[in-house]
2 protein chains.
Amino acid sequence: MRVLGVDPGLTRCGVGVVEGVAGRPLTMIGVGVVRTPADADLGHRLVAVEQGIEQWLDEHRPEFVAVERVFSQQNVRTVMGTAQASAVAMLCAARRGIPVALHTPSEVKAAVTGSGRADKAQVGAMVTRLLRLSAPPKPADAADALALAICHIWRAPAQNRLQQAVALHTSKGRTA
Amino acid sequence: MRVLGVDPGLTRCGVGVVEGVAGRPLTMIGVGVVRTPADADLGHRLVAVEQGIEQWLDEHRPEFVAVERVFSQQNVRTVMGTAQASAVAMLCAARRGIPVALHTPSEVKAAVTGSGRADKAQVGAMVTRLLRLSAPPKPADAADALALAICHIWRAPAQNRLQQAVALHTSKGRTA
């Protein structure tokens with residue numbers, strides 16, 4: 001499966017495409033950052049994020065888009081911009097019929113480092129190792145986007161099994 | 001000037017179009033609510049909001065879009081959805097080159113009722129009077145969208161004068 005990970009932000013929106021399946025070595029297909037000028041007005045910044053995400057979708061044709069889940073408990077100053085950029089990323093994916101999954105920062109950290117409380121350096125180091133890169137992707141937003149994509153590839157089978165189990169349980173309950 | 005006011009929300013996004021200039025009677029061109037199903041996934045809800053806003057822009061061709069400014073201090077449960085719906089509204093407008101203005105809830109209340117702390121009923125009553133309607137628009141989100149549009153029409157001249165004064169002051173400073 002090919003997944004586009006998006007670490008949403010207005011100033012820097014990290015994007016990373018990873019291909020692979022759980023239990024096999026993963027491949028980085030691309031990584032980058034969509035930037036928008038801090039002095040532009042909000043509407044134009046959102047248009048720039050949309051154009052950037054569209055370009056990544058056009059170029060890499062991911063089957064899934066994994067976006068960091070934004071919490072309103074985060075830094076009050078940046079959370080609104082993050083929520084708005086994430087809305088644009090979800091909109092772009094859903095408009096094309098690409099399934100969107102949200103993962104929390106601690107789910108992503110736990111997936112790639114084993115600890116939900118890992119720091120940025122640890123996440124960067126593990127992304128570098130798991131994708132067999134020569135150096136950690138910069139800036140951190142780009143590394144986080146790759147970590148999101150990896151997290152999605154690794155969590156997806158578990159989520160699918162859970163959904164299957166729920167479906168099975170429900171159908172059993174109905175026939176009993 | 002013709003203004004589309006948007007009271008952003010995922011479950012109910014109020015939309016209202018008002019035409020007029022400050023100091024003259026205003027005319028309501030249209031009012032409604034864009035709804036999205038609470039059980040749909042977030043990506044699809046954002047696509048539905050986009051389609052709804054696009055339809056209002058197509059049909060009424062506003063020259064300005066006024067969106068309620070979302071604060072992260074609001075109700076934690078609903079603020080993220082509100083921020084995301086507002087991002088979609090701003091994106092739709094900016095993509096067409098329509099200027100977007102943000103007004104806070106208290107600016108809107110103060111504009112239409114004279115008090116920034118007015119309640120929903122008071123806002124509804126004044127919207128009804130100012131637009132010479134037979135009854136307050138329902139639901140409250142629709143009335144709020146009309147109040148936003150009215151607020152923008154009335155505040156716009158002051159904002160323009162302020163911008164002109166700043167521009168004049170800046171150019172004087174340069175030539176001095």
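The values are calculated or read from the model by the stated rules, or taken from the named source; none is laboratory data. What you are looking at is a predicted structure, and each value in this text was computed from that prediction instead of being measured. Virtual Cβ from ideal backbone geometry, glycine too; neighbours counted across all protein chains shown. When the accessible area is computed, the model is the full protein with side chains, heavy atoms only, and any ligands, DNA or RNA have been set aside. Shrake-Rupley method; radii C 1.70, N 1.55, O 1.52, S 1.80 Å.
What number, in percent, do you get for the relative contact order of the range B:2-175 if the mean sequence gap of Cα pairs under 8 Å and at least 6 apart is divided by its residue count?
29
What Kirkwood hydrodynamic radius, in Å, does the range A:2-175 give when the mean of 1/r is taken over all pairs of distinct Cα atoms and then inverted?
16.5
Need one number: nm distance between label points at residue B:19 and residue A:40, each 7 Å from Cα along Cα→Cβ, rounded to one decimal.
3.3
5 Å is the cut-off here: which amide hydrogens, built 1.01 Å from N in the peptide plane, fall below it relative to residue A:131, excluding neighbours closer than 5 in sequence?
none
So what's the range B:108-155 giving for Rg/Rh, alpha carbon basis, Kirkwood Rh from the mean inverse pair distance? Provide the component values of the computation, followed by the final result.
On the way: Rg = 9.3 Å, Rh = 10.2 Å.
Rg divided by Rh gives 0.91.
Order B:115, A:86, most accessible first, counting only protein heavy atoms with a 1.4 angstrom probe.
In descending accessible area the options line up as B:115, A:86.
Taking amide H positions as placed in the peptide plane 1.01 Å from N, state which residues far from residue B:66 in sequence (5 or more) or on other chains have amide H under 5 Å from it.
B:4, B:5, B:6, B:101
Using a label point 7 Å beyond Cα on the Cα-Cβ vector, give me the inter-copy distances for residue A:19 in nanometres, one decimal, shortest first.
Those separations, rounded to one decimal, come out as 5.4 nm.
Which longest uninterrupted range of chain A lacks any trypsin sites (Lys or Arg not before Pro) assigned by DSSP to a loop state (not H, G, I, E or B) and surrounded by at most 10 other Cβ atoms within 10 Å?
On the way: sites that count: A:117, A:132.
Counting at most 10 other Cβ atoms within 10 Å as exposed, the longest clean stretch of chain A is A:1-116.
Could you run the Karplus curve 6.51 cos²θ - 1.76 cosθ + 1.60 with θ = phi - 60° over the range B:24-40 and give me ³J(HN,Hα) per residue in whole Hz, x for Gly and Pro?
My calculation for the range B:24-40 gives 10, x, 9, 10, 7, 9, x, 8, x, 9, 8, 10, 10, x, 5, 8, 7 Hz in order.
Karplus couplings for the range B:139-144 from phi (6.51 cos²θ - 1.76 cosθ + 1.60, θ = phi - 60°), rounded to Hz, Gly and Pro as x?
These are the phi-based 3J(HN,Hα) values: x, 4, 4, 5, 5, 5 Hz.
Set Lys and Arg Cβ to +1 and Asp and Glu Cβ to -1, take the dipole of the protein assembly as shown about its Cα centre, and tell me which of B:17, A:103, B:121 lies farthest positive.
B:121
Considering all alpha-carbon pairs of the protein assembly as shown, what whole percent are spaced by more than 31 angstrom? Could you put the intermediate results ahead of the total?
Working: 25748 of 61776 pairs.
Cα-Cα pairs of the protein assembly as shown separated by over 31 Å account for 42 percent.
Under 5 Å between amide H atoms, partner at least 5 residues away or on a different chain: which partners does residue A:29 have, H built in plane at 1.01 Å?
It is A:17, A:18, A:19, by chain and number.
Can you tell me the orientation of helix A:76-95 relative to chain A, as the angle in degrees between its alpha-carbon axis and the longest Cα principal axis, to the nearest 10?
Between the helix axis and the principal axis of chain A, the angle is about 60 degrees.
Cα centroid distance between the range A:1-53 and the range B:1-76, in Å?
One Cα centre to the other: 28 Å.
Beyond 15 Å, what share of the Cα-Cα pairs of the range A:3-83 is found? Please give it as a whole percent.
So the portion of pairs separated by more than 15 Å is 59 percent.
So how far apart, in nm, are the two label points at residue B:138 and residue A:122 if each is 7 Å from Cα heading toward Cβ?
Inter-label distance under the simple model: 5.6 nm.
Tell me which of A:142, A:153, A:83 sits at the most positive position along the dipole axis of the range A:1-154, charges placed on C-beta atoms (Lys, Arg +1; Asp, Glu -1).
It is A:153, whose Cα lies furthest towards the positive end.
At 7 angstrom along the Cα-to-beta-carbon line, where would the label on residue A:120 sit relative to the other copies? Give the distances in nm, shortest first.
Copy-to-copy label distances at residue A:120, shortest first: 4.2 nm.
Starting from 0.36 nm per residue, how many nanometres of slack lie between residue B:96 and residue B:63 once their C-alpha separation is accounted for? Working shown, then result.
Values: separation 33, 0.36 × 33 = 11.88 nm, distance 1.03 nm.
Stretched out fully, the residue B:96 to residue B:63 stretch lengthens by 10.9 nm.
Which distances, in nm and shortest first, link the residue A:96 label point to the same label point in every other copy, taking 7 Å along Cα→Cβ?
Ordered by increasing distance: 2.5 nm.
For the range B:2-175, with only Lys/Arg (+1) and Asp/Glu (-1) charged at the beta-carbon, what is the dipole magnitude about the Cα centre, in debye rounded to 20?
660
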